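Working notes, structure below.
The values are calculated or read from the model by the stated rules, or taken from the named source; none is laboratory data. Quantities reported herein were computed from a predicted structural model and do not represent experimental measurements. Virtual Cβ from ideal backbone geometry, glycine too; neighbours counted across all protein chains shown. Remember, those area values only see protein heavy atoms, side chains included, never the ligands or the DNA or RNA. Shrake-Rupley method; radii C 1.70, N 1.55, O 1.52, S 1.80 Å.
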Amino acid sequence: MATPSMEDYLERIYKLIDEKGYARVSDIAEGLSVHPSSVTKMIQKLDKDNYLIYEKYRGLVLTSKGQKVGKRLVDRHHLLEQFLTLIGVSEENIYQDVEGIEHHLSWDSITCIETLVEYFNRDEARLQELMKLKSELEES
């Protein structure tokens, strides 16, 4: 299984390819705030572990394994953003909070959070009741 660091790289690479059609070392480094040499080392490791195929000076492509994991990581990130928004976490804290918790939750917990988000999103009255409860708790 991928380490948290590998997950960050796979998530970033997947997003870049989805948005731009390609992922360059410089774009990955900028997005993760790391040095290009660190990106190159991690890309070589991801290549060795069959998450991507890397050819020096030619670029990289995700393997089907890399695409599957990358999509799952992007979906997890988005779900956690939805969840934190749903429970009323302020917008300025959501990204940093997701970055802090996403690697520390089991996939079982992620599935439970997904079920909860779907439950509230299925019925507007449930969302309103949740917001009312949150408001009442803040007042007390």
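Values for this structure:
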{"item": "Relative contact order of the chain, defined on C-alpha pairs under 8 angstrom at six or more residues apart (%)", "result": "19 percent"}
{"item": "Highest-MSF residue in the chain out of Q67, Q44, Q96 [GNM, Cα springs under 10 Å]", "result": "Q96"}
{"item": "Cleavage-rule hits, trypsin sites (Lys or Arg not before Pro), region 53-140, DSSP coil, Cβ neighbours within 10 Å at most 10", "result": "K56, R58, R122"}
{"item": "S109 versus E129: modelled label distance in nm, points set 7 Å from Cα along the beta carbon direction", "result": "2.6 nm"}
{"item": "Heavy-atom accessible surface of the chain: percent carbon and sulfur, 1.4 Å", "result": "51 percent"}
{"item": "Chymotrypsin sites (Phe, Trp or Tyr not before Pro) restricted to DSSP loop in region 26-79 with at most 15 other C-beta within 10 Å", "result": "Y57"}
{"item": "Tally of Lys pairs whose C-alpha atoms are under 18 Å apart, taken over the chain, 8 or more apart or cross-chain", "result": "11"}
{"item": "Contour minus Cα-Cα distance for S5 and E138 (0.36 nm per residue)", "result": "44.2 nm"}
{"item": "Separation of alpha-carbon centers, region 84-140 and region 10-71, rounded to whole Å", "result": "30 Å"}
{"item": "Surface accessible to a 1.4 Å probe, per residue, for the residues of the chain, Å²", "result": "65 Å²"}
{"item": "Two-site FRET efficiency, N121 against E91, from Cβ-Cβ distance with R₀ of 22 Å, rounded to 0.05", "result": "0.75"}
{"item": "Contact order relative to length of region 1-74, as percent, for alpha carbon pairs under 8 angstrom and 6 or more apart", "result": "35 percent"}
